[in-house]
């Protein structure tokens, strides 16, 4: 089964951190990412771009309207995603727990949400 992992952060908490604190935190991520990828079960892993460049498209009155920023206003924003192909929910949790947002970044409001998914590939 495939699982979608969403890595969240708090823009407000990150903004309160010094550049050195952010750099020290983020410098720990590559080794953790490599450990997770080394399981051979991660199919996709990506960090998402700066939220100031996000756009949201909504249907309104038969037209598509584009606005700046994330779709929902929330304290936490998705900053990354990954897809795991695991043999059991326990295996998916074990692998997701290796993600940097599940281990580090309490001061930046990091968290991971793991969601079972139906997966279809376009022909």
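Computed from the coordinates by the stated procedures, all read-outs in this text should not be read as laboratory data. Keep in mind that what you see is a predicted model, and the values were worked out from it rather than measured.
Legend: Rg and Dmax of the range 49-120, from Cα coordinates, 16.0, 46 Å. Across the chain, the relative contact order, built from alpha-carbon pairs under 8 Å that are at least six residues apart, equals 48 percent. Show log10 I(q)/I(0) for the chain at q = 0.16 Å⁻¹, two decimals, from a solvent-free Debye sum over equal Cα scatterers. Log-scaled intensity ratios, in q order: -0.86.
Using the rule -39500 (n - 2.57) for each DSSP H run of four or more residues, divided by the residues of the chain, the 222 nm mean residue ellipticity is -7000 deg cm²/dmol.
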